[in-house]
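The values are calculated or read from the model by the stated rules, or taken from the named source; none is laboratory data. The structure displayed is predicted, hence computed values, not measured ones. Quick reminder, even Gly has a Cβ in these numbers, built from the backbone with ideal geometry, and neighbours come from all protein chains shown. Calculation scope for accessible area: heavy atoms of the full protein, side chains included, ligands and nucleic acids excluded. Shrake-Rupley method; radii C 1.70, N 1.55, O 1.52, S 1.80 Å.
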Amino acid sequence: MASTTLPLADLTLARLLERAEAVSSARFVEARRRHAEDSRAEWIERGGAVALYDGADSPVTQTFCLGLFEPATPNLLDELELFFFERGSAAHHEVSPLAGIECFELLQQRGYTLVELSSVMYRTLEAAPAAPEGVRVSFVQPGEEDLWAQISADGWRDVAPELYEWIRQIGEATARKEESPCFLAWIEERPVAAAGLSLIPPVAHLAGASTIPEARRRGAQQALLGARLRYAAEQGCTLALMGAAPGSASQRNAERQGFRIAYTRLKWRLPHPAAASQES
């Protein structure tokens, strides 16, 4: 494979990465709608921003790309807020700093508060790590979607046991996304780790990484990362994208594997009018 220069962290890169995550998330919403008809999952695109709904309490319910392709305006925010409010949800926007200070000023003027930060990370697909000895990686085949969802949820059972069932349901849809192959890592012929991939050439969006507690620190995620990077390169992608909490172990592990921070993304929240009136 020819050497690929890592692009600079500028507006062009931000548009590329944010659009890729928006498309990946829209595929998830469509899979939820197909797999769980009562989910009311839906998405729209307005003014270059993609708004997604997957339930009032779902972290998927938000927008991407606000202010990146077209300026954020009061009229645009009116329309996006209506999309969320009509479905009983607060309005959430994950916004790249490359959207500009004017976008953040407008959100503050409308009463939004900052609720979350995330590191958007990227790397080229070269030098994909090899699987350690004793770890095997496989594609999730038709009929194995529920197994993938179970392993994905099992990786969280010691961290957030109260979310186990919800994570499993999310995994069932994730494993059924279009153009989004999922992978399992096996140790001693037992599935121990899961990871997802969504292909939006030239970007490969990596997400859904999870390892069951008793199999951690045995190289399962290293093997899954290498397999996904190699597969994405075969499909014509040149960049990998992932997100992590700033300063987290996930961010440090990603940096050890060649990822660079493109920027810190900010998530903004405006309460549903009914909730806001109750709070006041």
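Worth a mention:
- Every residue from the stretch 63-91 that is on the phi > 0 side of the Ramachandran plot and either buried (at least 18 other Cβ atoms within 10 Å of the Cβ) or outside any loop (DSSP other than H, G, I, E, B) (or both): Cys65, Gly67
- Evaluation of Trp186 against (1) surrounded by 22 or more Cβ atoms within 10 Å (Cβ to Cβ); (2) farther than 21 Å from His93 by Cα; (3) of a type in the set (A, V, I, L, M, F, W, C) (one fails), failing number: (1)
- Sub-7 Å Cβ pairs linking a first residue in the stretch 4-19 that is among the small types (Gly, Ala, Ser) to a second residue that is in a helix (DSSP H, G or I), at least 6 apart or interchain, are Ala14/Leu98, ordered by first then second residue.
- For the stretch 132-139, the criterion of being aliphatic (A, V, I, L, M), surrounded by fewer than 18 Cβ atoms within 10 Å (Cβ to Cβ), farther than 20 Å from Ala22 by Cα and more than 18 Å from the chain's Cα centre (by Cα) is satisfied by no residue at all.
- The stretch 7-35: number of residues that are touching a helix residue (DSSP H, G or I) at 6+ places or on another chain (Cβ under 6 Å) and either of a type in the set (Gly, Ala, Ser) or more than 20 Å from Pro181 (Cβ to Cβ) (or both): 4
- Among the residues of the stretch 100-113, just one is assigned to a helix (DSSP H, G or I), in contact with a Pro (Cβ under 9 Å, 6 or more places away or on another chain), under 15 Å from Leu11 (Cβ atoms) and not acidic (Asp, Glu), namely Cys103.
- Residues in the stretch 208-239 that are under 21 Å from Ile170 (Cβ atoms) and touching a Ser or Thr at 6+ places or on another chain (Cβ under 7 Å) were compared, and the one that is surrounded by the most Cβ atoms within 10 Å (Cβ to Cβ) is Ala220.
- Neighbours by Cβ (under 9 Å, 6+ apart or cross-chain): first from the stretch 127-145, at positive phi; second open to solvent by less than 40 Å² (accessible area, probe 1.4 Å): Ala127/Leu229; Gly134/Ile187; Gly134/Gly219
- Within the stretch 245-268, the set of residues being of a type in the set (Gly, Ala, Ser) and closer than 16 Å to Glu18 by Cβ comprises Ala262 only.
- Matching residues, the stretch 154-191, being assigned to a helix (DSSP H, G or I) and among the aliphatic types (A, V, I, L, M): Leu163, Ile167, Ile170, Ala173
- Ala195 falls short on exactly one of the conditions (1) in contact (Cβ under 8 Å) with a residue 60 or more places away in the chain; (2) hydrophobic (A, V, I, L, M, F, W, C); (3) surrounded by 23 or more Cβ atoms within 10 Å (Cβ to Cβ), and that condition is (1).
- Selection count where residues are among the aliphatic types (A, V, I, L, M), open to solvent by 50 Å² or more (accessible area, probe 1.4 Å) and not in a helix (DSSP H, G or I), scope the stretch 240-280: 2
- All conditions but one from (1) touching a Gly at 6+ places or on another chain (Cβ under 6 Å); (2) open to solvent by less than 50 Å² (accessible area, probe 1.4 Å); (3) part of a loop (DSSP other than H, G, I, E, B); (4) at pLDDT 95 or above apply to Ala56; the one that does not is (4).
- Only residues that are open to solvent by less than 40 Å² (accessible area, probe 1.4 Å), outside any helix (DSSP H, G or I) and more than 12 Å from Ala173 (Cβ to Cβ) were counted in the stretch 18-40, giving 0.
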